[in-house]
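Here is the structure we will look at, set down as structure tokens.
Here, each number is a calculation from the coordinates, and none is a lab measurement. Here the structure is a predicted model, which means the values were calculated and not measured. Every residue, glycine among them, receives a Cβ derived from its backbone with ideal geometry; neighbour counts consider all protein chains shown.
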Amino acid sequence: MAQDIFVIAEHLKGSLTEGTFEILGAARTLAGTTGGSVVGVVLGQGVEPLAGQMVAADRVLVANDAALADFTPEAYLAVLEPLIRQHQPRLTMLLNTSFGMDLAAALSERLSLPLVAYCKKLETENGAVVATSQIYGGKVNAECVLEGPGIVSVLTGSFPADAGRAGSAPAIETVPLPASLNGRKVQFKTLIEPEVGDVDITRSDIIVAVGRGIQSQDNIGTAEELAQALGGVVASSRPVTDAGWLPRSRQVGKSGMSVKPRLYLALGISGAPEHLEGMKDAGLIIAVNTDPNAPIFGVAHYGVVADLFDVTESLIEKL
Amino acid sequence: MHILVVIKQVPDLVEELEINSDGTALDPDCISPTLNEFDDHALEEALLLKEAVGAQVTVLGIDATGELDQALYTAMAKGADRAKKIVGDFDEETHLSSHARARLLAEAIKPIGYDFVFVGVQAVDDLDGQVAPMLATHLGVPHVGVVTAVHPINGVVSIQKEYWAGIMAEMDVTPPAVLGIQAARQSPRYAPVSKVRQISKEATIEEIEAGEVDERLVVPVRRMYLPESSGRAEFIEGEPGEVADAILNLLRERGIK
Ligand SMILES: Cc1cc2nc3c(=O)[nH]c(=O)nc-3n(C[C@H](O)[C@H](O)[C@H](O)COP(=O)(O)OP(=O)(O)OC[C@H]3O[C@@H](n4cnc5c(N)ncnc54)[C@H](O)[C@@H]3O)c2cc1C
Ligand SMILES: Nc1ncnc2c1ncn2[C@@H]1O[C@H](COP(=O)(O)O)[C@@H](O)[C@H]1O
């Protein structure tokens with residue numbers, strides 16, 4: 001086993017994602033104690049310029065092929081599996097995103113390497129990697145020890161991206177590709193851009209966000225009334241848009257929008273990691289939830305353990 | 001088209017969670033099992049395909065709690081054609097890892113013919129990763145996760161996969177394949193209690209003996225703990241009116257209102 005740390009890069013529409021820099025920075029810190037190199041891995045077509053941007057890595061392995069131009073789990077795995085088997089890094093880091101979720105668990109099974117998913121903290125201790133994972137909707141943390149080689153899939157927003165942007169030009173190596181990447185069973189067709197909504201929640205300074213606690217579509221009007229009185233807009237967690245109570249464009253979180261308003265008033269939102277990803281950097285977060293153990297209180301500046309309808313009504317009355 | 005929908009029970013997060021005495025897992029006494037919400041979406045998407053193109057839908061789960069029947073009957077009451085459960089000598093105290101589940105499921109699925117296996121994209125307890133990609137690995141078929149729509153077209157399915165910031169990808173997937181379903185195209189339907197009761201009297205759940213539980217890749221949990229959820233929040237107390245006043249004061253102080 002080498003002591004190297006592999007960082008699997010993510011890119012979309014020609015740019016590395018913020019998360020890629022976050023895990024690069026985390027890898028750099030870990031490598032300081034484990035002693036190996038930080039090795040970036042970029043798959044795609046014409047991605048050498050992106051490899052060059054991974055300055056926190058010592059070297060970057062590049063796989064270039066038309067079949068890798070757009071992400072598909074099948075083609076990516078066909079390249080990554082033999083690459084990791086050959087190099088045997090100490091740790092392979094991915095992001096727990098729509099890309100990384102498809103890759104990490106499959107690589108773990110294919111390579112017989114343990115995986116710690118939903119990882120938000122990484123440390124080393126006497127040569128072991130200690131990974132803390134956030135499970136049960138953010139209600140429980142699990143500290144896991146990887147004595148030998150392993151894989152972690154990291155929640156975005158867990159590490160500062162700046163550390164991943166510091167360094168100098170890495171050495172770039174092109175890796176050989178498996179015999180055929182064509183004729184695969186999963187074919188990328190097209191990217192679908194988000195529908196333009198009636199309001200752009202990313203531009204609002206004041207957001208009243210509702211979660212499953214709002215209970216029904218009929219109650220959305222109350223939230224609208226409060227938002228109007230405050231001069232803001234209504235956004236929501238995923239179950240509310242999945243149910244069709246609000247358009248997709250209002251969803252905050254991992255697959256929805258990231259927002260950074262001056263005020264984020266979270267009503268009946270538990271604070272699952274996938275939701276927090278989209279709002280935890282808001283200037284002032286006030287959460288109302290009947291469950292005192294709701295993880296949203298872990299990121300809120302102010303919390304109210306109460307029925308959201310009582311608080312909403314009183315606020316509307318006083319505004 | 002035959003779709004296998006894999007379902008799983010997870011601890012209901014509405015209950016107060018407690019850690020066991022070794023501090024390495026949840027206390028089994030505080031767990032009340034509920035269906036993984038994403039599995040409900042996987043079933044719904046399969047039922048939509050049944051309605052659209054006459055797909056056969058089989059629902060399958062590992063009966064790790066001894067309490068899976070109700071979920072299987074409910075799935076049948078909603079429209080699944082068949083239900084199967086994997087039974088074995090599961091220790092209540094041991095949480096089956098995702099790797100172990102994937103292997104048990106794969107062994108049960110291999111002898112059953114299928115075009116697609118739909119699996120909930122993730123579950124709240126999958127510390128060692130999501131089951132769907134692992135299951136696909138065992139079955140030797142491709143997998144795509146975070147899927148929000150499945151449309152059959154000329155022998156393949158056109159799927160939508162969510163990325164981030166509202167961006168999605170469209171991909172074509174040739175069966176057989178495993179899909180990790182994030183959300184169905186519509187809210188999961190409800191089954192009337194009377195129908196579930198009737199089905200539970202009439203229908204049979206086929207039992208499949210579990211193979212060996214694979215513990216090779218269980219990640220060692222050194223410590224499981226509840227984060228101080230009050231970590232940051234300062235709590236505002238009082239009657240709703242007082243709370244509203246306090247909130248409005250905060251907004252005024254900060255020049256927000
Ligand atoms: C790949 C992936 C991507 C995802 N992307 C997103 C995303 O972009 N955005 C997102 O939000 N989620 C996303 N999710 C879903 C996420 O995992 C959670 O399921 C979701 O955030 C939960 O929403 P919620 O807090 O509204 O509901 P719940 O978790 O059900 O919480 C409801 C809360 O309301 C409280 N409540 C109930 N009644 C009241 C009342 N009367 N007054 C006050 N409080 C009350 C309850 O105590 C509870 O805490 C994603 C999941 C996956 C797997
Ligand atoms: N014991 C099980 N029985 C049936 N399905 C399961 C089981 N374990 C996992 N699954 C499926 O795999 C999905 C993802 O599980 P997990 O990897 O634990 O997040 C679940 O939502 C189920 O669809």
Amide H proximity to A:MET257 below 5 Å, modelled H, separation 5+ or other chain, gives A:GLN251, A:VAL252
DSSP beta bridges in segment B:2-219 [antiparallel fraction, %, rounded to 5]: 35
Among A:LEU230, A:VAL7, A:HIS275, pick out the residue whose Cα is farthest towards the positive end of the charge dipole of the protein assembly as shown, where Lys and Arg carry +1 and Asp and Glu carry -1 on C-beta, about the Cα centre. A:VAL7
Separation between Cα centres of segment A:108-140 and segment B:176-207, rounded to whole Å: 33
Which residue fluctuates most in the GNM of chain A (Cα springs below 10 Å): A:PRO49, A:PRO273, A:PRO73? A:PRO49
Decide, for segment A:199-312, between rounded, prolate and oblate: order the square roots of the alpha carbon gyration tensor eigenvalues as a ≥ b ≥ c, take rounded if a/c falls under 1.5, and otherwise choose prolate if a/b is larger than b/c, else oblate. rounded
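Only four residue types carry charge here, +1 at the Cβ of Lys and Arg and -1 at the Cβ of Asp and Glu. Report the dipole size of chain A about the Cα centre in Debye, rounded to the nearest 20.
It works out to roughly 480 debye.
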Could you tell me which of rounded, prolate or oblate describes the protein assembly as shown, using a ≥ b ≥ c as the square roots of the eigenvalues of the alpha-carbon gyration tensor, with rounded for a/c under 1.5 and, failing that, prolate when a/b is larger than b/c and oblate otherwise? rounded
With angles folded into 0 to 90 degrees, how steeply does helix B:37-53 sit against the dominant principal axis of chain B? Use alpha carbons for both and round to 10. 40
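What's the local net charge at B:GLU212, with K and R +1, D and E -1, over the other residues with C-beta under 10 Å away?
Computed value for this residue: -2.
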I need the phi-derived Karplus couplings for segment B:75-87: 6.51 cos²θ - 1.76 cosθ + 1.60, θ = phi - 60°, integer Hz, Gly and Pro marked x. 4, 5, 5, 7, x, 5, 7, 9, 9, 9, 9, 8, 10
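Please label the shape of segment A:104-242 as rounded, prolate or oblate, based on the square roots a ≥ b ≥ c of the eigenvalues of the alpha-carbon gyration tensor (a/c under 1.5 means rounded; beyond that, a/b larger than b/c means prolate, else oblate). Please list the in-between numbers first.
Numbers: a/c = 2.11, a/b = 1.65, b/c = 1.28.
Since a/c reaches 1.5 and a/b is larger than b/c, the shape of segment A:104-242 is classed as prolate.
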Helix A:308-318 axis, angle to chain A major axis (alpha carbon atoms, nearest 10°): 50
Ignoring GluC sites (Glu not before Pro) that are buried or in helix or strand per DSSP, and keeping those with at most 11 other beta carbon atoms within 10 Å, what is the longest stretch of chain A between them? A:1-146
Residue among B:VAL243, B:VAL178, B:VAL193 with the largest mean-square fluctuation in a Gaussian network model of chain B, springs linking Cα atoms under 10 Å: B:VAL243
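Would you mind counting up the charge near B:LYS161? Only other residues with Cβ under 12 Å from its Cβ, with Lys and Arg at +1 and Asp and Glu at -1.
Details: positive: A:LYS189; negative: A:ASP70, A:ASP102, B:GLU162, B:GLU170, B:ASP172.
With Lys, Arg at +1 and Asp, Glu at -1, the neighbours total -4.
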³J(HN,Hα) across segment B:55-67 via Karplus (A = 6.51, B = -1.76, C = 1.60, θ = phi - 60°), whole Hz, x for Gly/Pro? 4, 7, 10, 10, 9, 9, x, 8, 8, 6, 9, x, 10
For segment A:241-252, Karplus couplings with θ = phi - 60° (6.51, -1.76, 1.60), whole Hz, Gly/Pro x: 7, 4, 6, x, 6, 9, x, 3, 5, 9, 7, 9
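I'd like the antiparallel share, as a percent to the nearest 5, of DSSP beta bridges with both residues in the protein assembly as shown.
Numbers: 41 of 115 bridges.
About 35 percent, rounded to the nearest 5.
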What is the dipole size for the protein assembly as shown, taken about its Cα centre, with +1 at each Lys and Arg Cβ and -1 at each Asp and Glu Cβ, in debye to the nearest 20? 1580
Can you grab the distance from the C-alpha centre of segment B:33-94 to the C-alpha centre of segment A:31-77, Å, no decimals? 39
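Let me know the charge dipole size of chain B about its Cα centre in debye, to the nearest 20, where only the beta-carbon of Lys, Arg (+1) and Asp, Glu (-1) is charged. If you can, show how the numbers build up before the last one.
Details: 22 positive and 43 negative charges, 250 e Å.
The dipole of chain B has a size of about 1200 debye.
At 1.002 mPa s and 20 °C, plugging the Kirkwood radius over alpha-carbon pairs of segment A:5-183 into Stokes-Einstein gives what diffusion coefficient in µm²/s? Could the numbers behind the result be given before it?
Values: Rh = 16.1 Å.
In µm²/s, the coefficient is 133.
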Selected from B:PRO111, B:PRO11, B:PRO133 as most flexible by GNM, with chain B as the system and alpha-carbon contacts under 10 Å: B:PRO111
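Out of the chymotrypsin sites (Phe, Trp or Tyr not before Pro) in segment B:161-249, which ones are loop residues according to DSSP with at most 11 other C-beta atoms within 10 Å?
Working: sites: B:TYR163, B:TRP164, B:TYR190, B:TYR225, B:PHE235; in loops: B:TYR163, B:TRP164, B:TYR190.
Sites meeting the loop and neighbour criteria: B:TYR190.
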